[in-house]
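Colleague: First, the structure itself, so that you have it in front of you.
The values are calculated or read from the model by the stated rules, or taken from the named source; none is laboratory data. Every value quoted in this text rests on a predicted model; they were computed, and no experiment measured them. FYI the Cβ positions are ideal-geometry reconstructions off the backbone, even for glycines, and counts take in every protein chain you see.
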There are 2 protein chains.
Amino acid sequence: MFQSGWFTRCATSIPAKGPPLTRNGRAPSVKDVAAAAGVSLGTVSNVLNRPSVVSTTTRERVERAMAELGFVRNESARQLRAGTSRALAYVMLDGGNPFFHDVAEGIETAADDADLSLFVCNSSSRSDREAKHLDRLVQQRVQGILITPVDPDAPHLAEIAQRGTPFVMVDRLSRAGDHCSVSVDDVLGGRIAVEHLIDRGHQRVAFVGGPAGIGQVRERLQGAREVWAEFGLPADDLINLSTEAMTVNEGRSAGERLAGLPSRRRPTAAFCANDLLALGLLQHAVTAGLRVPEDLAIVGFDDIDFAAAAAVPLTSVRQPRQELGRTAARLVLDEATNPDHVHEQATFVPALVARASTGTARRK
Amino acid sequence: MFQSGWFTRCATSIPAKGPPLTRNGRAPSVKDVAAAAGVSLGTVSNVLNRPSVVSTTTRERVERAMAELGFVRNESARQLRAGTSRALAYVMLDGGNPFFHDVAEGIETAADDADLSLFVCNSSSRSDREAKHLDRLVQQRVQGILITPVDPDAPHLAEIAQRGTPFVMVDRLSRAGDHCSVSVDDVLGGRIAVEHLIDRGHQRVAFVGGPAGIGQVRERLQGAREVWAEFGLPADDLINLSTEAMTVNEGRSAGERLAGLPSRRRPTAAFCANDLLALGLLQHAVTAGLRVPEDLAIVGFDDIDFAAAAAVPLTSVRQPRQELGRTAARLVLDEATNPDHVHEQATFVPALVARASTGTARRK
DNA sequence: CGAGGGCGTTGAAATGTTTCAGTCGGGGTG
DNA sequence: CACCCCGACTGAAACATTTCAACGCCCTCG
């Protein structure tokens, strides 16, 4: 059946499954339960949805029947009739980046509080997969969709928002802001990071990030430039090392390019647009025999757990990852349930977390 | 509405959503489409499900009507009537561990090929959350459930398998094997890792992992002990450093305990039961001024991407993460569709990936 | 000219719930 | 004793789709 270079299969041939659990082969329905308990179908439904209106004795009888038959409510039928789903969905941009997992966890806590399921999808930064997921979610009639999109201005996103499905953009902003969003002030984040480096005495700094099409990369770079200029430092000494993606690999290759610069142009510090890049850069630096932070200081962005866990713990600009998710979930729920909902663009303030990768304070 | 220490809200008060997209406030149904296109309701369904049986001209008319009305098929109704869902689900053990994300990605590729959605849930190693997710998934009547369980022998898992829902255990094995499973030979993995360390000349090695309740930890340790004995090394020199979880933090604290050992008992190498522990240990070693691998060699397990990305790239025992997921998905699909399905316990063979954290080959 | 046969379309039944207007006794009140 | 109300339960309608037997029509062949 399968062929694959390196696995063995110990087929412990257990032939088939046990007997079908109910007489006619179908899963038991409320009707079956009602028959078994000797009550009407409506009563069973009441036990399920309004237990208080049914007398204790019949309720117990019905519950016993359910247990005996192994009844499980059919959610499709429930949803069809009730017209309302019990689920939220989050379409994350890159499951390989722990940042998004943390956001998802924040969403899930809020969903849990509202007693909703959360479906997590992963577009892996591919627009086609994103579209497919969105299609399916709309067909499922989920109560709300949270998404960190590949392209915040893609037309299929606008469609969904206009269709009336509650919709919140997470960690991104679209030009046309006719929906809720939750994000972080990236310009400020860039400022904080570079101000910290300047504060540590660095006069030549690399910005590592890209592609430039990503709004956050642009804004973090803008913040960096602003503060650089405010300190009166020459623009040429803030070197833009553009990458093709925000991955560890790209961080490593940025490190190579950085090492290739003539020594009088070589920066003494790097500000990376996310922590994955920073980890890659750190790895390259260490293997190249550079000391961090003495030869090269590094600042990352996001403050994922792996940043603190690096061999040289990374200084990073923290985003409130879980809080981002929680807030997004609350907004989407508000839109779903509150008739006079007002779209909001919530913006969080990032904060610097200084660790070993930028050394200890250096007095002026 | 919200209060939270550190975020500002720029509410761009866009009052409400646009007009309801269909006349009566409800989403348009096949009936509406049929009316708009001047055909019967059955024909619309045919366009949706068997486009070939309907003439080109009417098909186009119907499709135009759908587009104009913004019709989206209601999946609940479809599923209720058709009796079959279009989704698989994976309940992962720990979303914070990239290993499981890679498994999920493998599952998703297989699901995609079968044109199914994949719902990813995360139990965060909590049994109650796992149970809640399973409940919901059974209610949804998903086609199959894949799970890396908190406890492979928990009774609620057996219930599901017996209920007839296709069910595959991923990266775990239960005592009662009346269902499919996909896993890796962990004893062999332990052997490989420790043999590699012995090969590099180490005579005192720590095993870092726990709690011992986890089957994999036991088996990896067992493999380590087997090969240790086979080489005639004294059992006392394979030191068991038990941890309370498989996290970076625990790895770090294991490092502290390791450093606290009297120097003649102190191991020259450590085999960690997963990469997170190894990363934590590596971090502790580096901050404590130890050289890796000269003063302490480290082997991890899983070979997550962050292992290769560490400052000192980690030697690790690779599991075929994506392949694990793909195979699991194929098994669950076989169980779902093939009437004479046979339960299989697929076992993969792990492989050592040697990197800098164990140094270069040392001739005997 | 009638029979037969595709092809394209139709209409109704069925899926498992929830909801809601009723029904049925029984007990309290006037 | 009549009245009313209340609590507990019932039965049917509705939800949006799929499926399938049946139907009409046109064409072809005998």
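Colleague: Run down B:G289, B:G260 and say which single residue is surrounded by fewer than 17 Cβ atoms within 10 Å (Cβ to Cβ), free of Cβ contacts under 8 Å to residues at least 60 places away in the same chain and on the phi > 0 side of the Ramachandran plot.
Modeller: Exactly one of B:G289, B:G260 is surrounded by fewer than 17 Cβ atoms within 10 Å (Cβ to Cβ), free of Cβ contacts under 8 Å to residues at least 60 places away in the same chain and on the phi > 0 side of the Ramachandran plot, namely B:G289.
Colleague: Starting from residues that are of a type in the set (D, E, K, R) and in contact (Cβ under 8 Å) with a residue 12 or more places away in the chain, keep the ones in the range A:72-89 and report whichever is farthest from DNA strand C (Cβ to nearest atom).
Modeller: Top of the filtered list is A:R86.
Colleague: Hey, another quick one. Please verify whether the range A:60-71 includes one or more residues that are near DNA strand C (Cβ under 8 Å from one of its atoms), within 22 Å of B:R141 (Cα to Cα) and buried (at least 18 other Cβ atoms within 10 Å of the Cβ).
Modeller: yes
Colleague: Can you run down the residue pairs with Cβ atoms below 8 Å, 6 or more apart or on separate chains, where the first is in the range B:90-102 and facing chain A (nearest Cβ under 8 Å) and the partner is part of a strand (DSSP E or B) and among the hydrophobic types (A, V, I, L, M, F, W, C)?
Modeller: Matching pairs, first to second residue: B:H101/B:M92.
Colleague: Being more than 12 Å from DNA strand D (Cβ to nearest atom) and assigned to a loop (DSSP other than H, G, I, E, B) is the filter; apply it to the range A:63-86 and report the residue that is farthest from the other protein chains (Cβ to nearest Cβ).
Modeller: Checking each candidate, the answer is A:F71.
Colleague: Right, here's the next one. Just the residues that are outside any helix (DSSP H, G or I) and over 30 Å from B:E250 (Cβ atoms), please, taken from the range B:87-118.
Modeller: Hits for the range B:87-118 are B:A87, B:L88, B:A114, B:D115, B:L116, B:S117, B:L118.
Colleague: A follow-up question, please. Any residue at all in the range A:323-333 that's surrounded by fewer than 24 Cβ atoms within 10 Å (Cβ to Cβ), touching a Leu at 6+ places or on another chain (Cβ under 9 Å) and assigned by TED's automatic domain parsing to the domain that holds A:H202? Break it down into steps so the answer makes sense when it comes.
Modeller: In the first step, residues of the range A:323-333 are kept if they are surrounded by fewer than 24 Cβ atoms within 10 Å (Cβ to Cβ); the result is A:323, A:326, A:330, A:333.
From the residues that got through so far, the ones that are touching a Leu at 6+ places or on another chain (Cβ under 9 Å) too are A:333.
Among the residues that remain, those that are also assigned by TED's automatic domain parsing to the domain that holds A:H202 are: none.
No, the range A:323-333 has no match at all.
This table checks each residue for (1) of a type outside the set (K, R); (2) modelled with pLDDT of 95 or more.
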site: A:Q139; (1), (2): yes, yes
site: A:V142; (1), (2): yes, yes
site: A:P149; (1), (2): yes, yes
site: A:E159; (1), (2): yes, no
site: A:S174; (1), (2): yes, no
site: A:V184; (1), (2): yes, yes
site: A:R191; (1), (2): no, yes
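Colleague: So A:G164 clears everything in (1) more than 8 Å from every other protein chain (Cβ to nearest Cβ); (2) touching a Pro at 6+ places or on another chain (Cβ under 8 Å) except one condition, right? Which one?
Modeller: Checking A:G164 against (1) more than 8 Å from every other protein chain (Cβ to nearest Cβ); (2) touching a Pro at 6+ places or on another chain (Cβ under 8 Å), the one that fails is (1).
Colleague: Would you mind finding the one in B:D171, B:D135 that is touching a strand residue (DSSP E or B) at 6+ places or on another chain (Cβ under 9 Å) and acidic (D, E)?
Modeller: B:D171
Colleague: Given the condition assigned to a strand (DSSP E or B) and either at pLDDT 95 or above or more than 8 Å from every other protein chain (Cβ to nearest Cβ) (or both), answer yes or no: does some residue in the range A:15-24 qualify?
Modeller: No - not one qualifying residue is present in the range A:15-24.
Colleague: What number of residues within the range B:24-46 are closer than 24 Å to A:E159 by Cα and touching a Ser or Thr at 6+ places or on another chain (Cβ under 8 Å)?
Modeller: So the answer is 5.
Colleague: Within the range A:214-240, track down each residue that is out of contact with any Pro (no Cβ under 9 Å at 6 or more places or on another chain) and among the aliphatic types (A, V, I, L, M).
Modeller: Result: A:I214, A:L221, A:A224, A:V227, A:A229, A:L233, A:A235.
Colleague: Taking the options B:G144, B:G106, name whichever one is within 37 Å of the chain's Cα centre (by Cα), touching a residue at least 40 places away in the same chain (Cβ under 8 Å) and more than 21 Å from A:A87 (Cβ to Cβ).
Modeller: Of B:G144, B:G106, the one residue that is within 37 Å of the chain's Cα centre (by Cα), touching a residue at least 40 places away in the same chain (Cβ under 8 Å) and more than 21 Å from A:A87 (Cβ to Cβ) is B:G106.
Colleague: Can you name the residue in the range A:33-55 that is assigned to a helix (DSSP H, G or I) and within 8 Å of DNA strand C (Cβ to nearest atom) and is also surrounded by the most Cβ atoms within 10 Å (Cβ to Cβ) among such residues?
Modeller: A:V44
Colleague: When you scan the range B:334-364, how many residues do you find that are within 12 Å of chain A (Cβ to nearest Cβ), more than 19 Å from B:S181 (Cα to Cα) and surrounded by 23 or more Cβ atoms within 10 Å (Cβ to Cβ)?
Modeller: Counting residues in the range B:334-364 that are within 12 Å of chain A (Cβ to nearest Cβ), more than 19 Å from B:S181 (Cα to Cα) and surrounded by 23 or more Cβ atoms within 10 Å (Cβ to Cβ) gives 1.
Colleague: Checking B:P28 against (1) out of contact with any Phe, Trp or Tyr (no Cβ under 7 Å at 6 or more places or on another chain); (2) in a loop (DSSP other than H, G, I, E, B); (3) more than 7 Å from DNA strand C (Cβ to nearest atom), only one condition comes out false. Which one?
Modeller: (1) is the only condition that B:P28 fails.
Colleague: Oh, and also: Of all residues being more than 8 Å from chain B (Cβ to nearest Cβ) and either of a type in the set (D, E, K, R) or part of a loop (DSSP other than H, G, I, E, B) (or both) in the range A:119-128, which is surrounded by the fewest Cβ atoms within 10 Å (Cβ to Cβ)? Just the residue, please.
Modeller: Taking the candidates together, the pick is A:D128.
Colleague: Suppose we keep only residues that are more than 13 Å from chain A (Cβ to nearest Cβ) and among the aliphatic types (A, V, I, L, M) within the range B:292-307. Which one would you say is surrounded by the fewest Cβ atoms within 10 Å (Cβ to Cβ)?
Modeller: Top of the filtered list is B:A297.
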